[in-house]
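To start, the structure under review is shown below, and the notes come after it.
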Amino acid sequence: MIYSHEVEHMCCVAKGPNHGPSPIPEEGKWVKVKEIKDISGLTHGIGWCAPQQGACKLTLNVKNGIIEEALIETIGCSGMTHSAAMASEILPGKTLLEALNTDLVCDAINTAMRELFLQIAYGRTQSAFSEGGLMIGAGLEDLGKGLISQTGTLYGTKVKGPRYLQLTEGYITKMFLDKNDEVCGYEFVHMGRLMDELKKGTPTADALKKVTGTYGRTKAEEGVVKSIDPRKE
């Protein structure tokens, strides 16, 4: 250690109180974190790339400073999906500090990792007050049936109005309109469940019928005047 001439010639003054770090909530306990291995928790966060072409939602389950589980969901940029594939291999098994200083290929995923580090390091996790935290596998509960991301894709123009394309329920096949041409309901196909049925060998028409549902007012007696295909009409 090299000290400046000024510091070398200073007299020593005793350091007073040293209470250590403030305790943070971690999985039902109050922990004074001094090392990475002291940190545990499950949390989620959002990241975005510099040109803001896409975003990433990252879910991490950390036990004793080690990332045991990672869920990476991306939207908006085709290249991000491949970066997410690499991140799913890179993240589990790393310490939080390693992950923070690892190139996760995509700016949005890197940013999400940074934001999650801040949440976890300050005890702002979803499992902060859950005794023992959450089991490995809890991250999958963020997904819908069939392990499909819950994605919303909506489009609208001033001249023609809104088009519902994808909602939490699934892929939108019809929009139902009332006498004012306002949306009053929709029909959807749950893509995750559809793929499950097809993998089981269910005939396509039967599988499609089985996983198709509706929401809102969808019948003439409920005030529906017409339906439209949001991708064609």
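Work out how much length T157 to A220 would gain on full extension: take 0.36 nm times their residue separation and subtract the Cα-Cα distance, in nm to one decimal.
Length difference between fully extended and current span is 20.0 nm.
Excluding same-chain residues fewer than 8 positions from K200, which lysines have a Cα within less than 25 Å of its Cα?
Candidates past the 8-residue exclusion: K145, K209, K210.
If you place +1 on the Cβ of every Lys and Arg and -1 on the Cβ of every Asp and Glu, how big does the dipole about the Cα centre of the chain come out, in debye to the nearest 20?
Rounded to the nearest 20 debye, it is 660 debye.
So which lysines pass the test for K158, namely a Cα distance under 29 Å, with those fewer than 8 places away in the same chain ruled out?
K158 reaches K174, K179, K219, K226, K232.
Between [x] 1.00; [y] 1.44; [z] 1.11, which matches Cα Rg over 2.2 N^0.38 Å calculated for the structure shown?
Given [x] 1.00; [y] 1.44; [z] 1.11, the structure-derived one carries the label [y].
Normalising by the residue count of the chain, find the relative contact order in percent from Cα pairs under 8 Å and 6+ residues apart.
The normalised contact order for the chain reaches 16 percent.
Specify the residue with the greatest mean-square fluctuation among G123, G47, G156, computed from a Gaussian network of the chain linking alpha-carbon atoms under 10 Å apart.
Of the options given, G156 has the highest mean-square fluctuation.
Taking only pairs that are 8 or more places apart or on different chains, how many Lys pairs in segment 6-78 have Cα atoms under 24 angstrom apart?
Lysine pair count for segment 6-78: 7.
Could the peptides 161-168, 115-122 be put in order, highest first, of the mean number of other beta-carbon atoms found within 10 Å of their residues?
Top to bottom by mean Cβ count within 10 Å: 115-122, 161-168.
Would you mind checking which residues have amide H under 5 Å from K174's amide H? H placed 1.01 Å from N; only 5 or more apart, or other chain.
E187
Could you please state, rounded to a whole Å, how far the C-alpha centre of segment 197-214 is from the C-alpha centre of segment 129-191?
19
Report ³J(HN,Hα) in whole Hz for each residue of segment 94-108, in order, from the Karplus equation J = 6.51 cos²θ - 1.76 cosθ + 1.60 where θ = phi - 60°; Gly and Pro get x.
My calculation for segment 94-108 gives 8, 6, 4, 5, 4, 4, 5, 9, 10, 6, 8, 6, 10, 4, 5 Hz in order.
Could you derive backbone 3J(HN,Hα) for segment 114-129 from the dihedral phi with the Karplus parameters 6.51, -1.76 and 1.60 (θ = phi - 60°), listing whole Hz in sequence and x where the residue is Gly or Pro?
5, 5, 5, 4, 4, 4, 5, 5, 9, x, 9, 9, 5, 9, 3, 10
Restricting to DSSP loop positions (anything but H, G, I, E, B) with no more than 10 other Cβ atoms inside 10 Å of their own Cβ, which chymotrypsin sites (Phe, Trp or Tyr not before Pro) remain in segment 1-103?
Here the chymotrypsin sites (Phe, Trp or Tyr not before Pro) that fit, given the DSSP loop and packing criteria, are Y3.
Could you calculate the contour length gain from S22 to E89, that is, 0.36 nm times the residue separation minus the distance between their Cα atoms, to one decimal place in nm?
20.7 nm
Specify the residue with the greatest mean-square fluctuation among L194, L100, L154, computed from a Gaussian network of the chain linking alpha-carbon atoms under 10 Å apart.
L154
Kirkwood Rh, Cα Rg: Rg to Rh for segment 36-150?
0.95
Taking H placed 1.01 Å from N in the peptide plane, check which residues at least 5 places from E69 or on another chain put their amide H under 5 Å from its amide H.
Those lying under 5 Å, H to H, from E69 are N61.
Under a 10 Å cutoff between Cα atoms, tell me which one of A207, A112, A70 has the largest fluctuation in the Gaussian network model of the chain.
A207
With unit charges on the beta carbon (Lys/Arg positive, Asp/Glu negative), name the residue among Y171, G28, H44 whose Cα is farthest towards the positive pole of the charge dipole of the chain.
Sorting the options by dipole projection puts first Y171.
Tell me the mean residue ellipticity at 222 nm calculated for the chain from its helices only (DSSP H runs of n ≥ 4, each -39500 (n - 2.57), averaged over every residue, nearest 500).
Value at 222 nm, helices only: -6500 deg cm²/dmol.
Quick one: which residues, 5 or more positions from C106 or on another chain, have an amide H under 5 Å from its amide H? H modelled 1.01 Å from N in the peptide plane, none for Pro or chain starts.
The answer is none.
Since every read-out is calculated from the coordinates, none of them should be taken as a lab result. Owing to the predicted nature of the structure, the values given are computational and were not obtained by experimental measurement. For neighbour counting, all protein chains shown are included, and Cβ atoms are generated from backbone atoms with ideal geometry for every residue, glycine included.
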